[in-house]
Amino acid sequence: MPPLTTPKSGDALFASVERVNAELFTLTYGAIVRQLLTDLEEVEEVNKQLDQMGYNIGTRLVDEFLAKSNVSNCADFKETADTIAKTLSYVCPVIAFFTATVAMHHSGTFHALSSANSLGFKMFLGVTATVTNWDAEGTTCSFVLEDNPLVDFVELPDTCQGLQYCNVLSGVIRGALEMVSMKTEVTWVRDMLRGDDAYEMRVKLTKQVPEEYPYKDDD
Amino acid sequence: MGTVAIYSLFIINKSGGLIYYKDYGSAGRMDTNDSLRLASLWHSMHAISQQLSPTTGCTGIDLLQAHNFDLHCFQSLTGTKFFVVCETGAQNMEILLKTIYELYTEFVLKNPFYEMEMPIRCELFDLNLAQVIQKDRVALLGR
C-alpha cells in the first residue's frame, strides 16, 4: 500500500489546488471591504467582521489542508517538518501556519509550528511566509509576509487609518488552529499599508484544549 | 466473482452526531433513529479505545473485524470520523476513506450554504461519492 501519510511540499500543494486570476481575487476582496465599510461605518466593526469572516473560512479550510497535505500524524510530521523548513526557504502566509497547527497539536510544542506554518500560506495564497521571533516559552511567534496578494492596488485613505485591511488572514489562522484544539490570539504588528517593510502577524497560543473525550459543547 | 461489497458509509461530526449515512445494500437497512444511535455509540467506543491504549498518542479504532464484515474507520485531525462497513478482507479501504475525506472538504465544507456539524445534504457530494464508490468497486473487481 502506498504511504498515505507522506506530507507534501508547499509547492506541490499549491499546484494541487484550483486557482483564479489574482486580480479577480484582489478586486473582489477590495469590494467586500468597501461594502463592509459602507454597511458598518465603524472601522473597528469592519475589522471585527473581517476577522469573523476569516474565522469562518479557516474552520472549513483546515480540513482541506489536512486532507491534501497528508499531514496526519506526529511522527511523520516531525520528520518532514525539518525537510519542509529546509526546502521551503520561502514561506507563505497561509500554508505555513496550517502545518504549524498540526505540529503543535501533536507534539505539544508550539515550536514545531514554525516549519509547518509556511506550508498553509503557500497552499492557499501562493505567497511565502517566514516564521520568526519565537518567545522564550515557545507559545508566541510571528509570521512575516513579504508579499501579499490582498493588498495589490490598495492605498489606505486617511479616514481608514485604523482599518486592518488583511484581518481576514488573521481570522483564517485563528479559525483553523481552533479546529485542531488550539486557541490563539492573532494580531498584526507590521502592515505595509502603514509604511512598514512587511506584514507581520503575531500568533499567540492561549490555550491548548487537550484532545480528550468527551468534547464539551462549549469548547 | 471478486466483487468487494461496501455495505454502508457513515460520517460522524466531532461531537458524535451522525451527519451522513449511506446504505449500499446491506441486509437490514437501518431507519434514521437506529443509525443515529449506532453512530453515537461508535463515537463513544472510539473514545474508549483511545483510553484503553497503553501508550499515548492513540487515535482510536482503525479497523474492526467481525466474522462477516469489516469496519474501517478514519478520523481527521479535526475530529470528524468517516467509516465504511464492508465485506471481510476488503483492501484499500484506508485510501477510499481518505478520498471520501477529500470529497468532504471539496463539496461539503466549501459549500457556503452547508452549516458546519450539521447533516450533509449536498448533491455534488452525493454524486462524486457515488462515482468514487463505483470506481472503487470496479478497481477491486479488476484484480
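State yes or no: is B:GLU102 part of a helix (DSSP H, G or I), of a type in the set (D, E, K, R) and surrounded by fewer than 18 Cβ atoms within 10 Å (Cβ to Cβ)?
Working: part of a helix (DSSP H, G or I): yes; of a type in the set (D, E, K, R): yes; surrounded by fewer than 18 Cβ atoms within 10 Å (Cβ to Cβ): yes.
Yes: the conditions hold for B:GLU102.
Does B:GLN91 satisfy the condition of being within 14 Å of chain A (Cβ to nearest Cβ), in contact with a His (Cβ under 9 Å, 6 or more places away or on another chain) and in contact (Cβ under 8 Å) with a residue 24 or more places away in the chain? Against the criterion (within 14 Å of chain A (Cβ to nearest Cβ), in contact with a His (Cβ under 9 Å, 6 or more places away or on another chain) and in contact (Cβ under 8 Å) with a residue 24 or more places away in the chain), B:GLN91 does not qualify. Under the condition of being farther than 19 Å from A:ARG60 by Cβ and in a loop (DSSP other than H, G, I, E, B), which residue from segment B:121-143 is modelled with the highest pLDDT? Here the residue is B:GLY142.
Filtered by the rule that a residue be out of contact with any Gly (no Cβ under 7 Å at 6 or more places or on another chain), farther than 18 Å from B:LYS98 by Cα and within 11 Å of chain A (Cβ to nearest Cβ), segment B:48-87 gives B:ILE48, B:GLN51, B:THR56, B:GLY57, B:CYS58. The residue pairs whose first member lies in segment B:33-61 and is more than 16 Å from B:PHE83 (Cβ to Cβ), whose second member is modelled with pLDDT of 85 or more, and whose beta carbons are closer than 6 Å, counting only pairs six or more residues apart or on different chains, are B:CYS58/B:GLN50. The set of residues from segment B:105-120 being within 11 Å of chain A (Cβ to nearest Cβ), under 16 Å from the mean Cα position of the chain (by Cα) and part of a loop (DSSP other than H, G, I, E, B) comprises just one member, B:GLU117. Residues of segment A:187-207 that are within 16 Å of A:ASP147 (Cα to Cα), assigned to a strand (DSSP E or B) and of a type in the set (A, V, I, L, M, F, W, C): A:TRP188, A:VAL189, A:MET201.
The values are calculated or read from the model by the stated rules, or taken from the named source; none is laboratory data. Because the structure is a prediction, the values reported are computed rather than measured. In this analysis, Cβ positions are derived from the backbone assuming ideal geometry, glycine residues included, and neighbour counts consider all displayed protein chains.
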